[in-house]
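Notes for the one structure printed next.
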2 protein chains.
Amino acid sequence: MELARTIEAVRESVKTARREGKQVGLVPTMGALHVGHEALIRRAVDECGFVVVSIFVNPTQFGPGEDFENYPRPIQADLTICRDAGVDLVFNPTPEVMYGQENLTWVTVEKLTEPLCGRFRPVHFRGVTTVCTKLFNIVLPDVAYFGQKDAQQAIVIKRMVADLKMPLRIVVCPTVREPDGLAVSSRNQYLSPEQRRQATKIYKALQKSRELVDAGQTDARQVVAQMRSILEQIPKAQIEYVSIVDAETLDELDTIAGRILVAVAVKLGPARLIDNIVIEA
Amino acid sequence: MELARTIEAVRESVKTARREGKQVGLVPTMGALHVGHEALIRRAVDECGFVVVSIFVNPTQFGPGEDFENYPRPIQADLTICRDAGVDLVFNPTPEVMYGQENLTWVTVEKLTEPLCGRFRPVHFRGVTTVCTKLFNIVLPDVAYFGQKDAQQAIVIKRMVADLKMPLRIVVCPTVREPDGLAVSSRNQYLSPEQRRQATKIYKALQKSRELVDAGQTDARQVVAQMRSILEQIPKAQIEYVSIVDAETLDELDTIAGRILVAVAVKLGPARLIDNIVIEA
């Protein structure tokens, strides 16, 4: 496995792989790799002859007061995971490589970035779309892999790729969960043992929404209210949002119909946790 | 010469050219091709084995009340010029192909888009950078060619390419002028014979700035004042700006030093004319 720190090194290796007729897959990550990332990497290794994992804690997707400084950076463990998973190239650039002295150019997606996490993290998606554009331009992958856990991110990225005619395909992989249902996240390690136990209520609330919808409930407010009553049992949790939206447009729904996304964001101590499920109503 | 109207057709042809080991050059245009465009095309044909000219009057770079509807679209004449110049592929998409039902994604460059034309055309550069990103992603050229006449555009595009790590090189070609000095532009055809005669004062004002700087004048306001007194002799002209800026940062200069851009925009009847020169002071 190769470890590249410069754009030129990545381009050189990818060019060689291409000359050998290999499909190129990219898994963009911020490191602190967990079994969720491993599922993305495994899928990439299955589908592509040359797999690149980028590990870059992207400063521009963190707002002021968010956890950029404290975000875990266990690079040696990450490299081991990549090596064991059959990754060909890890790209681990510095902020200087990605942003130079001063970055003036931004990629923004309107509308889809406004609801859900966009309301609470105003610069987040601009940072995500901009860094992904750079990574796509550096690696020029045929396919890039994202997780369904960050549902809004996946929708925003897909729209960006379609609108800007980027020459790649986006694959979204299912959320990986702990045995008790909690969605796997690098931020789960911020939780105390007690918070970690309480955090399972997030998935319980999502499961409740599926039950209600399956039982014929079509009033979104009723479903949200029942989900909130579960989440409010978590001591000291701040519920940012509990939303039922169209799974494609992210428009808030009053009446549940079609393919819906049920999404939750909760602040629990030092961790901001998000999770979601898609239901065909 | 091939005429492509779809993204798929362009990608297919470019892929074939690449397989043959050819360098790919792109000349992005809005059509109404003139000798200025021909110079760009000639340079591309000299340097690249496969030359693509895009012809697309890009709606998003025109503001309300600008000349989008009236912009000339002599497609048959344009195709003849391309054929005669040795172009391999003309890409002439519809707005639907480029923007779909609804475009939500934009590429923006801060700071460099604020002065000069940016002050008078607030959505213009966002439209240019967004459409160029799409064209670059569709054609994936090794080189793209722009004219120095649109000096700010060239600087903005170069910055976008650098910031977003786009895998291509930007070449900026010198402004082509009529025998009397007027910069060649598709918009010159909007001028009446009398306006056309008066329009030569734009280049005269730029030449005056060079004279003054060469003679040792370092006070930008003095130079601008003398240029304005020439431009004010054009009956009914509206001077949008006469600016002396750093040729790289586009920062307004009080004291002339280093590599400077002297830039002018004048509205003359139905035409908005821009021109500029670079001086090493």
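Among the residues of the stretch A:31-48, write down those that are out of contact with any helix residue (DSSP H, G or I) (no Cβ under 7 Å at 6 or more places or on another chain) and either within 14 Å of chain B (Cβ to nearest Cβ) or touching a residue at least 12 places away in the same chain (Cβ under 8 Å) (or both).
Step one: list which residues in the stretch A:31-48 are out of contact with any helix residue (DSSP H, G or I) (no Cβ under 7 Å at 6 or more places or on another chain), which gives A:35-37, A:39-40, A:43-44, A:46-48.
Of everything in the stretch A:31-48, those that are out of contact with any helix residue (DSSP H, G or I) (no Cβ under 7 Å at 6 or more places or on another chain) and either within 14 Å of chain B (Cβ to nearest Cβ) or touching a residue at least 12 places away in the same chain (Cβ under 8 Å) (or both) turn out to be A:35, A:36, A:37, A:39, A:40, A:43, A:44, A:47, A:48.
Taking residue A:176 as the residue in question, decide whether it is within 26 Å of residue A:112 (Cα to Cα), at pLDDT 95 or above, more than 20 Å from the chain's Cα centre (by Cα) and surrounded by 18 or more Cβ atoms within 10 Å (Cβ to Cβ). Can you show your working first?
Details: within 26 Å of residue A:112 (Cα to Cα): yes; at pLDDT 95 or above: yes; more than 20 Å from the chain's Cα centre (by Cα): no; surrounded by 18 or more Cβ atoms within 10 Å (Cβ to Cβ): yes.
Considered against the rule, which asks whether it is within 26 Å of residue A:112 (Cα to Cα), at pLDDT 95 or above, more than 20 Å from the chain's Cα centre (by Cα) and surrounded by 18 or more Cβ atoms within 10 Å (Cβ to Cβ), residue A:176 comes out as no.
Checking residue B:51 against (1) in contact with a helix residue (DSSP H, G or I) (Cβ under 9 Å, 6 or more places away or on another chain); (2) within 14 Å of chain A (Cβ to nearest Cβ): exactly one of these is not met. Which one?
The number of the failed condition is (2).
State whether the residues of the stretch A:74-89 include one that is among the β-branched types (Val, Ile, Thr) and within 14 Å of chain B (Cβ to nearest Cβ).
Residues of the stretch A:74-89 that are among the β-branched types (Val, Ile, Thr), as a first pass: A:75, A:80-81, A:87.
Within this subset, residues satisfying the condition of being within 14 Å of chain B (Cβ to nearest Cβ) are none.
There is no residue in the stretch A:74-89 that is among the β-branched types (Val, Ile, Thr) and within 14 Å of chain B (Cβ to nearest Cβ).
Filtering the stretch B:102-123 down to residues that are farther than 22 Å from residue B:248 by Cα and assigned to a strand (DSSP E or B), which residue is farthest from the chain's Cα centre (by Cα)? Show your work before the answer.
In the first step, residues of the stretch B:102-123 are kept if they are farther than 22 Å from residue B:248 by Cα; the result is B:102-106.
Then drop every residue that is not assigned to a strand (DSSP E or B), which leaves B:105-106.
Values: B:105: 22, B:106: 19 Å.
Across the stretch B:102-123, the extreme among qualifying residues is B:105.
Please work out if residue B:115 is surrounded by fewer than 21 Cβ atoms within 10 Å (Cβ to Cβ), touching a residue at least 12 places away in the same chain (Cβ under 8 Å) and in the same structural domain as residue B:55 (by TED's automatic domain parsing).
Values: surrounded by fewer than 21 Cβ atoms within 10 Å (Cβ to Cβ): yes; touching a residue at least 12 places away in the same chain (Cβ under 8 Å): yes; in the same structural domain as residue B:55 (by TED's automatic domain parsing): yes.
When the stated conditions are applied, residue B:115 passes them.
Restricting attention to the stretch A:228-263, which residues are within 19 Å of residue A:111 (Cα to Cα) and in a loop (DSSP other than H, G, I, E, B)?
A:247, A:248, A:249, A:250, A:251, A:253, A:254, listed by residue number.
Among the candidates A:219, A:254, A:246, single out the residue that is free of Cβ contacts under 8 Å to residues at least 24 places away in the same chain, surrounded by fewer than 19 Cβ atoms within 10 Å (Cβ to Cβ) and acidic (Asp, Glu).
Values: A:219 fails: free of Cβ contacts under 8 Å to residues at least 24 places away in the same chain; A:254 fails: free of Cβ contacts under 8 Å to residues at least 24 places away in the same chain.
Of the residues listed, the single one that is free of Cβ contacts under 8 Å to residues at least 24 places away in the same chain, surrounded by fewer than 19 Cβ atoms within 10 Å (Cβ to Cβ) and acidic (Asp, Glu) is A:246.
Within the stretch B:157-171, can you find the residues that are more than 9 Å from every other protein chain (Cβ to nearest Cβ), among the aliphatic types (A, V, I, L, M) and surrounded by fewer than 18 Cβ atoms within 10 Å (Cβ to Cβ)?
Matches in the stretch B:157-171: B:168, B:171.
For the stretch A:44-57, does any single residue satisfy the condition of being in a loop (DSSP other than H, G, I, E, B) and closer than 26 Å to residue A:191 by Cβ? Before the answer, list the steps.
The first filter runs over the stretch A:44-57 and keeps only residues in a loop (DSSP other than H, G, I, E, B), leaving A:48-49, A:56-57.
Going one step further and asking which of them are closer than 26 Å to residue A:191 by Cβ, we end up with A:56-57.
Looking for residues that are in a loop (DSSP other than H, G, I, E, B) and closer than 26 Å to residue A:191 by Cβ, one finds at least one in the stretch A:44-57, hence yes.
Go through the stretch B:73-96 residue by residue and tally those that are surrounded by fewer than 16 Cβ atoms within 10 Å (Cβ to Cβ) and part of a loop (DSSP other than H, G, I, E, B).
Residues meeting the conditions: 4.
Is it the case, given these coordinates, that residue A:62 is more than 14 Å from every other protein chain (Cβ to nearest Cβ) and within 22 Å of residue A:275 (Cα to Cα)?
Numbers: more than 14 Å from every other protein chain (Cβ to nearest Cβ): yes; within 22 Å of residue A:275 (Cα to Cα): yes.
So residue A:62 passes the test.
Each row is one residue, and each column tells you yes or no for (1) in contact (Cβ under 8 Å) with a residue 40 or more places away in the chain; (2) surrounded by 20 or more Cβ atoms within 10 Å (Cβ to Cβ).
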position	(1), (2)
B:98	yes, yes
B:104	no, no
B:110	no, no
B:134	no, yes
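Please give the number of the condition residue A:193 fails out of (1) in contact with a Ser or Thr (Cβ under 8 Å, 6 or more places away or on another chain); (2) at pLDDT 95 or above.
Answer for residue A:193: the failing condition is (1).
Being closer than 17 Å to residue A:49 by Cβ, surrounded by 19 or more Cβ atoms within 10 Å (Cβ to Cβ) and within 14 Å of chain B (Cβ to nearest Cβ) is the filter; apply it to the stretch A:14-30 and report the residue that is farthest from the chain's Cα centre (by Cα).
By that ranking, first place goes to A:14.
Would you mention how many residues in the stretch B:1-41 are assigned to a helix (DSSP H, G or I) and under 15 Å from residue B:144 (Cβ atoms)? Break it down stepwise before answering.
From the stretch B:1-41, those assigned to a helix (DSSP H, G or I) are B:7-19, B:35-41; that's our starting set.
Among the residues that remain, those that are also under 15 Å from residue B:144 (Cβ atoms) are: B:10, B:14, B:37, B:39-41.
The qualifying residues number 6.
Could you say whether any residue in the stretch A:141-156 is closer than 20 Å to residue B:168 by Cα and surrounded by fewer than 20 Cβ atoms within 10 Å (Cβ to Cβ)? Quick ask: steps written out before the conclusion?
First, the residues of the stretch A:141-156 that are closer than 20 Å to residue B:168 by Cα: A:141-142.
Still in the list and also surrounded by fewer than 20 Cβ atoms within 10 Å (Cβ to Cβ): A:142.
Checking the stretch A:141-156: at least one residue is closer than 20 Å to residue B:168 by Cα and surrounded by fewer than 20 Cβ atoms within 10 Å (Cβ to Cβ).
Restricting to the stretch B:137-148, name every residue that is in contact with a Lys or Arg (Cβ under 6 Å, 6 or more places away or on another chain) and either within 8 Å of chain A (Cβ to nearest Cβ) or farther than 18 Å from residue B:45 by Cα (or both).
Answer for the stretch B:137-148, where residues must be in contact with a Lys or Arg (Cβ under 6 Å, 6 or more places away or on another chain) and either within 8 Å of chain A (Cβ to nearest Cβ) or farther than 18 Å from residue B:45 by Cα (or both): B:137, B:138.
Within the stretch A:99-136, restricting attention to residues that are within 13 Å of another protein chain (Cβ to nearest Cβ) and of a type in the set (Phe, Trp, Tyr), which residue is nearest to residue A:11 (Cα to Cα)?
A:136
Can you find a residue that is assigned to a helix (DSSP H, G or I), under 19 Å from the mean Cα position of the chain (by Cα) and either closer than 17 Å to residue B:118 by Cβ or not β-branched (Val, Ile, Thr) (or both) anywhere in the stretch B:211-219?
The first filter runs over the stretch B:211-219 and keeps only residues assigned to a helix (DSSP H, G or I), leaving B:211-214.
Still in the list and also under 19 Å from the mean Cα position of the chain (by Cα): none.
Taking every residue of the stretch B:211-219 in turn, none turns out to be assigned to a helix (DSSP H, G or I), under 19 Å from the mean Cα position of the chain (by Cα) and either closer than 17 Å to residue B:118 by Cβ or not β-branched (Val, Ile, Thr) (or both).
The values are calculated or read from the model by the stated rules, or taken from the named source; none is laboratory data. Nothing here was measured: the structure is a model prediction, and the numbers come from that model. Note that we place each Cβ from the backbone using ideal geometry, even for glycine, and neighbour counts take in every protein chain shown.
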